[in-house]
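Following: one structure in structure tokens, then a few remarks.
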Amino acid sequence: MGRRAAVASSLSSALIVGLVVWFFWRAPNGANVRHFFLDPHSFWINLTGDPSRSLFSILRCFETNVWMFMLCEVLVLIFGLGLAWLRLSRTPILAPLRVASAIYTDVFRGIPIILVLFAVGYGVPGMQAGWISQRTPITYACATLVITYSAYVAEVYRAGMNSVPNGQVMAAKSLGLSDVQTMRRVILPQAIRNVIPPLLNDFISLQKDTALVGTLGIVEANQAAHVFGSMEFNYTGYTVAALLFLALTIPMTRYTDHLIAKDRRRRLAGGAA
Amino acid sequence: MSTVISAQNVRKRFGDHEVLRGISVDLAEHEVVCLIGASGSGKSTLLRCLNLLETIDEGDIVFRGQSLTDARIDPNLVRRHISIVFQAFNLFPHLSVLDNVMLGPVRALGRPRDEVKAEAMQLLERIGLAQRALEFPDRLSGGQQQRVAIVRSLAMKPDVLLLDEVTSALDPTLVGEVLDLLTDLARGGTTMLIATHEMNFARNVADRVIFLHDGEIVESGTPQQIFDQPRDAATAAFLSRVN
Ligand SMILES: Nc1ncnc2c1ncn2[C@@H]1O[C@H](COP(=O)(O)OP(=O)(O)OP(=O)(O)O)[C@@H](O)[C@H]1O
Ligand SMILES: [Mg+2]
């Protein structure tokens, strides 16, 4: 980009940001909204917490979101792969499982996750079916996220595997590779490159949907903000939670884009493997 | 000479379209057979059936005396002995040239990496691409890619090599280098069944030429017989069209 272009684009960006801020600042009830959502004092208390007033530190509560996300992400990657694999298998013996996997993905992509959360979080304990009904709310919450997101991710994998040309499969087979080796050595490595962006999108959603599990009484960031809001009549906690989510999702997006670009450069340059 | 692989009265249908209508071919050890015929005559289908990439409807495929239509046969084990090279190369784009060549021996045959690597480098040396072993296939020209694909098959030390129009997707200037490699292999005694539109090549290297027409073998014989004194009208018509 030339110098003039750089100056022009910086100026126009500054102008637009300025206009938006000015609009909200000058809105008739702007001061009020600023007090409720952007109060600096509440902001600080929300971050650090105040045990004497039974207020949670949203930062600490956010740790729950983070580890839930990380745990569920791994499980979703594995479970989703299994579903996609079943769906694409051509072995006659696996035919019933193939159908089951198709129904599974259709059903769980079609139900709002909050309903699955209710069904699992209240329904399963309500059944009083022994061990499975005596888990903690957080277990049910993770189960819900894994159940739902595996359906999304299975479809992403499936699209990725289908995007690998049939000639690749034939070449792998003609070298005597088994079905499992063909999948592992030839299809998956190529499919994964194609599915990183859509997978990332699903993971950002997964990360955000950890904010729903407060419904089961789990104190994560969103629930902590909710508690603060109802005790102090101030919603700055939600702003804090939003910023924390952004702090997590934006670097993740940037990093993945970076990986994709690096991979492309490496392949174009044809450098040492 | 002992027979390596044979098709016995093979029939193959796609829907109601019978693509192979009772094909019988024998391939002896060290023999080079060229398969010629118009587009759609069933050359690719026959090669894919021999490699068990397609199932056959009738007849039998026999490899070293063993029937391959037996349900107890694991196709993956058979394919280690019968290798196929495709028109479109089908190199693995995510692996380096060297890893492309090593994948089969290391993974399918479970051989030690060091040993396989040494052999793979020798093969690449032979086609003059040893310096490019660590590059990715899309950096190579079409002719280079196809030669790597052939070498990838050779690394499996197959009993027979099937080649499906391996020069058809190439720029005319690159055809020669691939045909030279095949000529080299033929002289070295590699057993090959080659589907090709390169008639001069067939005349020079084939021990036997088979003319396929509408899923049937119309004529088969030495290159001299087929090219100089075709007995069948269909063969003569085909040859006059391609020459
Ligand atoms: N998977 C398939 N499904 C349906 N029809 C097929 C399939 N594969 C091949 N055919 C048909 O079988 C016939 C023979 O095809 P094949 O590819 O074997 O011919 P070929 O001799 O190799 O021709 P070419 O010189 O164009 O490669 C064609 O009519 C083709 O349309
Ligand atoms: Mg063909």
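We did not get these values from a lab; they are worked out from the coordinates using the rules stated. The shown structure was predicted, so the numbers you read here are calculated from the model rather than taken from an experiment. Positions of Cβ are generated from backbone atoms using ideal geometry, with glycine treated the same way; all protein chains shown enter the neighbour counts.
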Could you pull the Rg and Dmax for region B:3-242, using just the Cα atoms, both in Å? 17.8, 55
What is the magnitude of the charge dipole of region A:55-189 about its Cα centre, with +1 placed on the Cβ of each Lys and Arg, -1 on the Cβ of each Asp and Glu, and no other charges, expressed in debye to the nearest 20? 320 debye
Quick one: work out the % antiparallel among DSSP beta bridges in chain B, nearest 5. 55 percent
To the nearest 20 debye, what is the magnitude of the charge dipole of the protein assembly as shown about its Cα centre, counting +1 on the Cβ of each Lys and Arg and -1 on the Cβ of each Asp and Glu? 1400 debye
Check cross-link reach from B:Lys43 to the lysines: straight Cα distance under 16 Å, and skip same-chain residues fewer than eight apart. B:Lys12
Helical contribution to [θ] at 222 nm, DSSP H n ≥ 4, -39,500 (n - 2.57), averaged over chain A, rounded to 500: -24500 deg cm²/dmol
Length gained, A:Glu63-A:Ser13, 0.36 nm per residue minus C-alpha separation, equals 14.6 nm
Placing +1 on each Lys and Arg Cβ and -1 on each Asp and Glu Cβ in region A:32-272, then taking the dipole about the Cα centre, the residue among A:Ser150, A:Asn222, A:Met127 whose Cα reaches farthest towards the positive end is A:Ser150
Which lysines, on any chain, are close to A:Lys262 with Cα under 29 Å apart, when same-chain ones fewer than 8 places away are left out? A:Lys208, B:Lys117
C-alpha long axis of helix A:236-269 to longest principal axis of chain A, angle in °: 40 degrees
Distance in nm between pseudo-label sites at A:Tyr122 and A:Ala95 (7 Å out along the Cβ direction from Cα): 4.2 nm
Length-normalised contact order of chain A in % [C-alpha pairs under 8 Å, at least 6 apart]: 26 percent
With bins 5 Å wide starting at 0, give me the P(r) of region A:184-273 over every alpha carbon pair, in whole percents. 3, 12, 15, 16, 13, 10, 9, 8, 6, 5, 3, 1, 0
For region B:28-138, calculate the relative contact order in percent as a whole number, restricting contacts to Cα pairs under 8 Å that are 6 or more residues apart. 20 percent
By the mean-Cβ-within-10 Å protection proxy, highest first, A:213-222, A:193-202, A:168-177, A:2-11 rank as A:168-177, A:213-222, A:193-202, A:2-11
Assuming R0 = 25 Å, what is the FRET efficiency of A:His35 and A:Thr215, from their Cβ-Cβ distance, to the nearest 0.05? 0.35
Evaluate the relative contact order of region B:3-242 (contact order divided by residue number), counting alpha-carbon pairs under 8 angstrom at least 6 apart; express in whole percent. 27 percent
For the Cα atoms of chain A, what angle does the longest principal axis make with the long axis of helix A:95-110, in degrees from 0 to 90, nearest 10? 20 degrees
According to a simple spin-label model (label point 7 Å from Cα along Cα-to-Cβ), what is the distance in nm between A:His258 and B:Asp138? 2.3 nm
Label-point separation in nm, B:Val242 to B:Ser2, each point 7 Å along Cα→Cβ: 3.2 nm
Per-residue mean of C-beta atoms belonging to partner chains within 10 Å, peptide A:163-174: 6
How big is the Rg/Rh ratio for region B:71-210, C-alpha atoms only, Rh by Kirkwood, two decimals? 0.96
Find the Rg to Rh ratio for the protein assembly as shown, where Rh is the Kirkwood radius over alpha-carbon pairs and Rg uses the same atoms. 1.14
Hits for chain B under the membrane-span-like helix rule (DSSP H, Cα axial span at least 15 Å, Kyte-Doolittle mean at least -0.5) are B:142-154, B:172-187
Report, as an integer, the average count of C-beta atoms from other chains found within 10 Å of each Cβ along B:83-95. 5
Is the shape of region A:32-272 rounded, prolate or oblate, going by the alpha carbon gyration tensor and its root eigenvalues a ≥ b ≥ c, with a/c under 1.5 for rounded and a/b larger than b/c for prolate? oblate
By DSSP, what percent of the beta bridges with both residues in region B:63-201 are antiparallel, rounded to the nearest 5? 10 percent
Ranking request for peptides A:14-25, A:84-95: highest mean number of other beta-carbon atoms within 10 Å first, then the rest in descending order. A:84-95, A:14-25
For the Cα atoms of chain A, what angle does the longest principal axis make with the long axis of helix A:221-232, in degrees from 0 to 90, nearest 10? 20 degrees
Hey, with R₀ at 45 Å, roughly what FRET efficiency would A:Ile114 and B:Asp114 work out to, going by the Cβ-Cβ distance, to 0.05? 0.20
Which of these, A:Val146, A:Val164, A:Val120, has the largest mean-square fluctuation under a Gaussian network model of chain A (Cα springs below 10 Å)? A:Val164
Nearest-0.05 FRET efficiency for B:Phe14 and B:Ser168 at R0 = 22 Å, using Cβ-Cβ distance, is 0.55
Report the antiparallel proportion of the DSSP beta bridges in the protein assembly as shown as a percent, rounded to a multiple of 5. 60 percent
